[in-house]
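For reference, the structure discussed in these notes is given below.
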Amino acid sequence: MSLDTAEVRAERAERSGSRAYLSLFKALGRGWIRDRSQIFFTILLPLMFMVLLASVFGSGDTAASRIVAVGDVAVLDGADPDAFTVVEAFDLDEALAMMRDGDADAAVVQDGATVRIYPSATNSTSGAIAEGKLSALVDDVNVEVLSAAAPGEPVLETEVEEADGGALRPIQYLAPGILAWGVAISGVFGAAGTIVDWKRDKLLRRLRLTPASVRTFLGAKVSVNLVVAVGQTAVFLAVAALGFGLQLSAWTWFAVPLVLLGTLAFLAIGVVIGGIAQTSPAAAGLSNLVTMPMAFVSGAFYPLALSPEWVQAISYLSPMRYLNEALQSVVVYGEPPSAVLPQIGFLAAFAAIVALVSWKTFKFDEL
Amino acid sequence: MDAAIEVADLRKTYRGRRTGEIRAVDGVSFRVERGEFFGILGPNGAGKTTTLEIVEGLRKPDSGTVRLLGRSPWPHSPELTGRLGVQLQASAFFEFLTAREQIETFAELYGATKSRAAEMLDLVGLAEHANVRCEKLSGGQQQRLSIACALVGDPELVFLDEPTAALDPQARRNLWDLMRSINAEGRTVVLTTHYMEEAEALCDRVAIMDAGKIRAVGTPAGFVRDLDAPTKVTVAAGQLSGERVRELAAGETVNADETAVVFETRDPRGLLTALASDGALEGLSVRTANLEDVFLHVTGREWRG
Ligand SMILES: Nc1ncnc2c1ncn2[C@@H]1O[C@H](COP(=O)(O)OP(=O)(O)OP(=O)(O)O)[C@@H](O)[C@H]1O
Ligand SMILES: [Mg+2]
């Protein structure tokens with residue numbers, strides 16, 4: 001007579017449950033490592049974006065602005081040669097042509113007391129920077145003129161201090177954004193693709209008929225994704241620091257829990273997409289449709305501060321924004337985790353809500 | 001002891017926007033005893049897979065009850081699934097794993113050893129392909145691997161959904177031997193198939209299914225006996241005179257054309273002896289009634305499986 005008490009049985013079930021978890025984790029992890037496309041999407045693609053964006057933004061704001069002076073532009077006489085490289089053009093058409101070819105950032109015409117600035121539209125970032133610097137130059141000249149006219153009067157002057165200990169080099173704001181985007185695509189594409197695969201190959205149905213529970217299987221799958229996200233973060237930050245001179249703060253380790261939380265939120269989005277899509281191309285298309293715009297409204301590739309207001313407004317709905325902000329705070333500015341509690345709260349709430357929605361709307365019958 | 005499977009009045013209707021309602025399973029009842037080799041025979045779309053999926057606990061029926069080894073397959077319980085071995089109609093594997101890794105993972109899920117996994121791989125003739133990735137195996141090899149995965153947990157009750165569908169004739173014969181031996185070890189086997197000869201060769205009892213309903217259940221031999229159909233004996237034309245043909249037919253049906261003479265007889269032994277003594281055995285073939293005739297008889301339709 002066997003004397004299995006409920007306790008003994010529960011203990012045995014628990015032991016076999018954790019063994020099942022480990023073997024599923026191993027099987028899924030192996031599958032992940034052998035899938036070259038996964039390695040490309042999670043590791044190489046974000047690094048490629050970093051190289052690309054670092055070279056695009058890297059030149060823009062450090063070099064001198066290239067100005068075309070049309071005719072005689074007196075205001076440029078006092079310009080700092082480190083800030084402006086001035087060439088002269090015969091007329092405005094010639095200056096505009098130079099800008100179209102990307103040879104100049106702005107054209108300037110001075111007509112008596114009016115200084116007209118034509119910032120480049122071809123190279124809008126450098127154009128905007130040149131415009132800002134020219135306006136500041138005009139202001140300086142005005143101040144000089146005014147103080148000469150009324151020597152006793154004090155004039156208001158602005159002084160810009162570098163608040164965070166040195167100018168932020170492009171890599172410092174690019175790296176957290178690209179990392180947040182990388183975490184997002186591997187989460188969304190990963191979950192959506194996996195679910196569509198399960199619909200096709202019926203693996204989950206087969207596993208439902210083994211003693212392992214579906215919960216164990218899903219747990220193992222999510223664990224693989226979380227481990228991948230941590231690995232992805234480590235590789236990315238290492239390359240950014242060693243290859244691109246990203247300065248890592250002492251709080252950088254806190255990127256790990258942030259990335260884990262972000263991954264949960266993006267996996268949940270991927271589950272919703274996987275529930276809707278029926279084929280792999282559909283899953284990939286929908287995932288793109290969600291992650292691409294999200295990257296642009298979250299400051300992942302382009303500073304939010306420079307984005308239009310409506311983009312900034314939408315960004316409050318995007319989990320990528322909060323992950324980006326939080327990573328930036330702890331990794332770049334070295335703020336303690338307590339400073340990013342609001343971002344953590346939003347990510348957690350977002351993950352919970354989307355997970356709940358996907359759980360409720362998911363058609364398990366299709367698997 | 002409880003029966004291995006007891007199913008009462010299962011019904012399942014699929015509702016599709018475009019397809020409308022399909023009554024895939026329409027009032028199915030049957031019982032499988034422990035140790036039995038039970039077959040479900042029917043053409044495409046008969047509802048075999050849907051029935052199996054309901055019995056296994058993968059699908060919920062609209063109505064009806066299922067008892068598996070004395071308990072309900074729903075909700076999922078490890079104690080029950082640990083005693084089942086299942087091969088689904090579509091093979092399902094972990095991506096990018098080799099055959100060995102695949103079956104070892106399943107072995108771990110069932111609490112079986114690595115040596116048991118290796119043994120099963122050998123049993124289905126895949127030992128040489130152990131290090132091949134699943135997606136690179138041929139269709140038939142995948143099917144055999146999926147059967148090995150079904151057996152690795154040492155199940156009491158084995159479900160095989162068209163296990164021989166993608167196999168070449170040699171592999172099919174090998175698998176027949178394998179299925180016979182797993183049944184001989186005392187395991188209950190439930191098999192679905194399109195093949196009449198497979199059901200006849202393997203099954204203790206067969207359920208004939210068509211359009212969501214079980215039309216008849218019985219032993220293959222019993223079906224044929226009950227059908228009481230004549231044996232068809234064919235010889236090449238030109239060996240017998242018309243008069244002799246009429247004499248041998250002895251009042252039973254006979255069809256003759258320019259190539260062959262076909263006797264339908266209830267006394268095949270007497271007829272064959274007479275043909276032999278006439279020396280008229282060229283082009284001889286003897287066809288007794290089989291499940292195909294049974295199918296025609298119970299459904300009123302020609303077999304087109
Ligand atoms: N998931 C589903 N959704 C809608 N209809 C379905 C679904 N699965 C099966 N059917 C329909 O139910 C009917 C029975 O299908 P089932 O797969 O059970 O047949 P089967 O006997 O296993 O056929 P086969 O021999 O081709 O495997 C078919 O008409 C099929 O089109
Ligand atoms: Mg089927």
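All of the numbers you see were taken from the coordinates with simple rules; none came from a lab. Worth saying up front: this structure is predicted, and the values here are computed from it rather than measured. Cβ sites come from the backbone with ideal geometry, for glycine too, and all protein chains shown count toward neighbours.
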What value does the stretch B:36-79 have for Rg/Rh, both radii from Cα atoms and Rh as Kirkwood defines it?
1.00
Considering the zone a paramagnetic label at A:Ser249 would reach in this model (a point 7 Å from Cα along the Cα-to-Cβ line), which residues of the stretch A:305-330 have amide N under 16 Å from it?
A:322-330
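Give, in nm to one decimal, the length gained when the segment between A:Val227 and A:Ser37 is fully stretched (0.36 nm per residue of separation minus the Cα-Cα distance).
Values: separation 190, 0.36 × 190 = 68.40 nm, distance 1.72 nm.
Gain in length upon complete extension: 66.7 nm.
How large is the Kirkwood hydrodynamic radius of the stretch A:186-298, counting all unique pairs of alpha carbons, in Å? Don't skip to the answer; put the middle values down first.
Numbers: mean 1/r = 0.0640 Å⁻¹.
About 15.6 Å for the stretch A:186-298.
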Cα-derived Rg over Rh, computed across chain A with Rh taken as Kirkwood radius
1.14
Using alpha-carbon coordinates alone, the radius of gyration and Dmax of the stretch B:230-288 in Å work out to 9.8, 25
Please report, largest first and rounded to whole Å, the three semi-axes of the ellipsoid equivalent to the stretch B:135-190, where each semi-axis is the square root of five times an eigenvalue of the C-alpha gyration tensor.
20, 13, 8
Can you give me the span-like helices of chain A, meaning DSSP H runs with 15 Å or more of Cα extent along the axis and Kyte-Doolittle mean at or above 0.5?
A:45-60, A:124-149, A:170-201, A:214-244, A:255-276, A:280-296, A:341-361
How large is log10 of I(q)/I(0) for the protein assembly as shown at q = 0.09, 0.12 Å⁻¹ when the intensity is taken from the Debye formula with one equal scatterer per alpha-carbon?
-0.90, -1.26
Contact order relative to length of chain B, as percent, for alpha carbon pairs under 8 angstrom and 6 or more apart:
20
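Stick to Cα atoms and the Kirkwood definition of Rh, then tell me Rg/Rh for the stretch A:254-367. Don't jump to the answer; show the numbers that get you there.
Numbers: Rg = 15.3 Å, Rh = 15.1 Å.
Looking at the stretch A:254-367, the ratio lands at 1.01.
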Rounded to the nearest 10 degrees, what's the angle between the helix B:139-151 long axis and the longest principal axis of chain B, both from Cα atoms, 0 to 90?
60
Over every pair of different alpha-carbon atoms in the stretch B:1-117, take the mean of 1/r and invert it; report that Kirkwood radius in Å.
16.2
Could you check the spin-label model distance between A:Val56 and B:Lys136? Points 7 Å from the Cα along Cα→Cβ, value in nm.
4.0
What span do the alpha-carbon atoms of chain B cover on each of the three principal axes, reported in whole Å from largest to smallest?
72, 46, 45
